[in-house]
Amino acid sequence: MIDVTSPPVTVAHVRSWKHERTPFVMLTAYDATTAAILAEAGVPVLLVGDSVGDNLLGHATTVPVTLEDMLHHTRAVTRGAAGALVVADLPFGSYQVDVNEGMRAALRLVKEGGAHAVKAEGGARVVELARRLVESGVPFMGHLGLTPQSVHEMGYRVQGREPEAAEGILADARDLEAAGAFAIVLEGVPASLGKAVTAAVGVPTIGIGAGADTDGQVLVVHDLLGLGPGPPPRFAKAYADLRGVITEAVRAFAEDVATGAFPAPGQRYE
Ligand code: KIV
């Protein structure tokens with residue numbers, strides 16, 4: 001297990017894991033309590049994903065998530081995540097208009113939110129933003145393939161199945177590396193493309209629905225913990241059934257109140 005407490009995880013560590021062939025994980029976190037549990041469990045990289053929108057805030061997609069939402073949750077995660085590297089998502093609308101606006105949004109996530117790095121979705125369209133952020137001292141993580149902020153344009157379909165589309169993703173990955181990105185998330189692409197991109201770039205790839213050959217793997221923590229209303233998506237795996245655990249616990253509490261078993265003498269002030 002990678003030691004996340006001493007020294008704190010940096011982007012240099014993340015880069016080195018590729019060269020050392022050390023597989024690593026990244027998990028989403030949206031609050032201080034979860035961030036602390038994940039960091040203590042040895043998760044080296046925490047992503048304050050804009051998936052906070054559909055997993056925590058009740059939105060149907062990530063599209064409505066605002067920069068203020070991201071700042072609020074990034075602050076919470078950085079307060080809890082001792083030792084882990086915290087990456088914050090630039091939300092939809094905060095970097096599409098122009099590069100300067102994207103720069104301002106990213107700098108706020110770092111200065112006010114305490115993030116150590118930022119992530120934005122897309123290839124060619126974010127290369128200039130990535131280059132300027134890195135020049136300014138802000139580590140940048142790319143995100144290619146299925147990009148959920150473009151749901152109204154691409155749906156939630158696997159990307160890069162056709163040779164031309166696969167070539168486009170490969171070219172985008174090379175461009176992001178040249179712009180200084182320290183890692184690239186690959187989401188919803190065929191396993192063969194996940195492998196090809198990982199071999200083509202010198203920075204770590206972090207896969208979600210991108211097969212077994214990426215340098216690292218990322219999951220939405222709600223999927224991993226079984227907190228969602230149904231089974232997790234095909235590319236994910238639930239390692240626990242916390243929704244079931246929570247349901248049983250609250251039912252037991254209500255039952256104890258109904259029968260007078262709670263509060264018991266030990267839970268009262270006399
Ligand atoms: O917001 C998010 O959770 C993400 C992951 C799917 C990589 O971007």
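The values are calculated or read from the model by the stated rules, or taken from the named source; none is laboratory data. None of these values were measured; they are calculated from a predicted model. A quick note on method: Cβ atoms are made from the backbone with ideal geometry, for glycine too, and the neighbour counts reach across all protein chains shown. SASA here: full protein model, heavy atoms, side chains in, ligands and nucleic acids out. Shrake-Rupley method; radii C 1.70, N 1.55, O 1.52, S 1.80 Å.
Charges only on Cβ, +1 for Lys and Arg, -1 for Asp and Glu: so what's the dipole of segment 47-108 about the Cα centre, in debye to the nearest 20?
It comes to approximately 280 debye.
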Self-check item: Two-site FRET efficiency, Thr61 against Thr247, from Cβ-Cβ distance with R₀ of 25 Å, rounded to 0.05
Solution: 0.45
Practice problem: Could you pull out every residue, at least 5 positions away or on a different chain, whose amide H is within less than 5 Å of the one on Thr205? Hs are placed 1.01 Å off N in the peptide plane, and Pro or chain starts have none. | Solution: Ile184, Asp215, Gly216
Exercise. May I ask for the angle, rounded to the nearest 10°, between helix 124-135 and the longest principal axis of the chain, with both axes built from Cα atoms and the value confined to 0 to 90°?
Key: 80
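When ligands, DNA and RNA are left out and all protein chains stay put, how many square angstrom of accessible area per residue does the chain have with a 1.4 Å probe?
49
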Practice problem: Mind giving me the nanometre distance, one decimal, between the label points for Ala264 and Leu107, set 7 Å out from Cα along Cα→Cβ? | Solution: 5.9
Quiz item: How many percent of Cα pairs in the chain exceed 34 Å?
Solution: 19
Self-check item: Linear extension gain, Arg79 paired with Asp98, 0.36 nm per residue minus alpha-carbon span
Solution: 3.8 nm
Quiz item: Stretch Ser136-Ile37 to full length: gain in nm at 0.36 nm per residue minus the Cα-Cα span?
Solution: 32.5 nm
Quiz item: Distance in nm between label sites at Val158 and Ser16, each 7 Å beyond Cα in the beta-carbon direction?
Solution: 3.6
Quiz item: In deg cm²/dmol, rounded to 500, what helix-only [θ] at 222 nm does the chain give when every DSSP H run of at least 4 residues adds -39500 (n - 2.57) and the total is split over its residues?
Solution: -12500 deg cm²/dmol
Practice problem: Describe numerically, in nm with one decimal, the distance between label points set 7 Å from Cα along Cα→Cβ at Arg174 and at Asp256. | Solution: 6.2
